[in-house]
Amino acid sequence: MRNPGYSPRGERCYALKCGKRRERASWIGALKNGKIFAPLTFEGCCNRDLFEAWLSQSLISQLEAGDIIIVDNATFHKGESIREMVEDAGCEIWYLPAYSPDLNKIENWWSVLKTWMKQMLPKFETVRECVDAAFKNCPNVFA
């Protein structure tokens with residue numbers, strides 16, 4: 001719902017205000033044995049370059065040979081370099097069917113994280129600070 005504004009009759013009401021209520025913070029993380037690890041928060045949207053950087057710099061080093069990485073069907077999750085990186089680590093990558101968030105266990109954790117953030121956001125100066133705190137303080141969904 002938008003806040004009402006005032007202008008003389010017949011004139012359009014303008015305000016120097018952005019339509020966005022708050023900045024956008026996004027995150028990537030992995031779930032193993034019911035625990036989140038290798039979380040990364042960033043501003044904006046994910047793309048293949050960001051996903052590859054997270055995979056090579058954060059996730060791969062925390063995996064064991066034989067682990068299976070399950071990702072949704074987003075285009076940026078796919079690519080020869082991603083497949084090679086995962087295989088070089090002795091792991092496999094599996095893709096969920098399109099439109100299947102119910103099969104993606106990490107979605108339950110993201111839901112809890114978002115609920116916690118909505119309650120705690122007023123205590124932080126930025127969304128990014130709130131996201132970082134959520135990863136440290138949010139209860140484990142599967143514990």
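The values are calculated or read from the model by the stated rules, or taken from the named source; none is laboratory data. These numbers were taken from a predicted model, which means no experiment stands behind them. Reconstructed Cβ throughout: ideal geometry from the backbone, glycine too, with neighbour counts over all protein chains shown.
Considering only residues that are among the aromatic types (Phe, Trp, Tyr) and under 16 Å from Asp132 (Cα atoms), which ones fall in the stretch 27-53?
Trp27, Phe37, Phe42 - these are the residues of the stretch 27-53 that are among the aromatic types (Phe, Trp, Tyr) and under 16 Å from Asp132 (Cα atoms).
Does the stretch 5-21 contain any residue that is modelled with pLDDT of 90 or more, part of a loop (DSSP other than H, G, I, E, B) and not aromatic (Phe, Trp, Tyr)?
The answer is no, given that none of the residues of the stretch 5-21 is modelled with pLDDT of 90 or more, part of a loop (DSSP other than H, G, I, E, B) and not aromatic (Phe, Trp, Tyr).
What number goes with the only condition from (1) of a type in the set (Asp, Glu); (2) modelled with pLDDT under 95; (3) more than 23 Å from Lys35 (Cα to Cα); (4) in a helix (DSSP H, G or I) that Glu129 does not pass?
(3)
Kindly list, by first and then second residue, each pair from a residue in the stretch 44-56 that is touching a residue at least 24 places away in the same chain (Cβ under 8 Å) to a residue that is crowded, with 16+ Cβ neighbours inside 10 Å and assigned to a helix (DSSP H, G or I), limited to pairs with Cβ atoms under 7 Å and residues at least 6 apart or on different chains.
Listed by first residue and then by second, the contacts come to Phe51/His77; Glu52/Ile82; Leu55/Ile82; Leu55/Met85; Ser56/Met85.
With under 26 Å from Ala134 (Cα atoms) and either buried (at least 16 other Cβ atoms within 10 Å of the Cβ) or over 20 Å from the mean Cα position of the chain (by Cα) (or both) as the only criterion, which of Ile82, Ile93, Ile106 stands out?
That would be Ile106, the only listed residue that is under 26 Å from Ala134 (Cα atoms) and either buried (at least 16 other Cβ atoms within 10 Å of the Cβ) or over 20 Å from the mean Cα position of the chain (by Cα) (or both).
When you scan the stretch 35-50, do you find a residue that is farther than 30 Å from Asn137 by Cβ and either assigned to a strand (DSSP E or B) or small (Gly, Ala, Ser) (or both), even just one?
no
Of all the residues that make up the stretch 68-126, how many are outside any helix (DSSP H, G or I), hydroxyl-bearing (Ser, Thr, Tyr) and either out of contact with any His (no Cβ under 8 Å at 6 or more places or on another chain) or in contact (Cβ under 8 Å) with a residue 40 or more places away in the chain (or both)?
3
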